[in-house]
Each structure stands twice: as structure tokens, then as C-alpha cells.
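Written below as C-alpha cells is the structure these notes are about.
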Amino acid sequence: MFDDIYERIKTETDIRSLRQLAKIIKKDQSTISAAKSKENFPANWAWEIEKKYGLLTKWIMTGEGPKKIEEMKGDFIFYEELEEWARETGQSKNTQWLRNQIESFFPMFKEWKKRKEEGNQNRDKFASSKIA
């Protein structure tokens, strides 16, 4: 497992050594070596690669699906079209089900959405503290 994931990373990034990988994911090389010997590549390491290089965590971990978010653009357009169709046909009550399905299939989307909402709340708190 580790070697397969590491190969995918090396083919799509400028990472060529475990030392470079360790620097990107902010771990010491002994931690990387221990994970390699156990054939374990934690998903949070893949997330660090995703943030730096734009590779999707799911692709890094499994080799399945699109590699980059740009490759998913058509999927997002499709989702927007589904929502528009649901509103126009009175089927909008089903969009929450669809949203739940997307969030369960793309857990990183759900995490991103949570961070985005937290950021908006922090921004709102900051703005309201400036009003006296």
C-alpha cells in the first residue's frame, strides 16, 4: 500500500525522496520509514499532499477517480444542473438527499465545507467586534 501511494505521488509531483515527503507532511524521516515498513500511509498525509499539489486525497490513497479537482469540474456543473432541474420541476426536496450522498462520497468536501463555515463565522465575529 505505501509503495503504491508513494509511486502515485512521485509521478504527479516533484517529490523524489522520503526526505522531501517528510518535509511536505511535516514529519521526521523516521516516522516516514516506520510507516513504510508497516505498509501504512495515513490519509492525513495524503491531505497535506492534496493541499500543496492539488491532487485529490482519494486518488492519492486509491488511484481511483480523478487526480485533480479541475478534472471534477464537469461533475460540479452536473450538480448545479441537477439543483436547477429540481427547483424547476418542484423536486427540490430531493436536493438535500443528493447533497448528503455527495458529502458521503467525498468526505474531503464535507471537511472543506466545515472549515469554510468556521472561517465565515470567525469573519462575522471579527466584523461584529469592530462595530461599536
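Cβ crowding within 10 Å, taken as a proxy for footprinting-reagent exposure, orders Ile69, Ile25, Ile60 from fewest neighbours to most as Ile69, Ile25, Ile60.
Residues Thr62, Thr89, Thr57, ranked from the fewest to the most other C-beta atoms within 10 Å, line up as Thr89, Thr62, Thr57.
Shown for Glu48, Glu81: other C-beta atoms within 10 Å of each C-beta, ranked fewest to most, produce the order Glu81, Glu48.
FYI, it's all coordinate maths here, none of it is from the lab. For clarity, every value in this text was computed on a predicted model and none was experimentally measured. With ideal geometry, Cβ positions are generated from the backbone for all residues, glycine too; neighbour counts draw on all protein chains shown.
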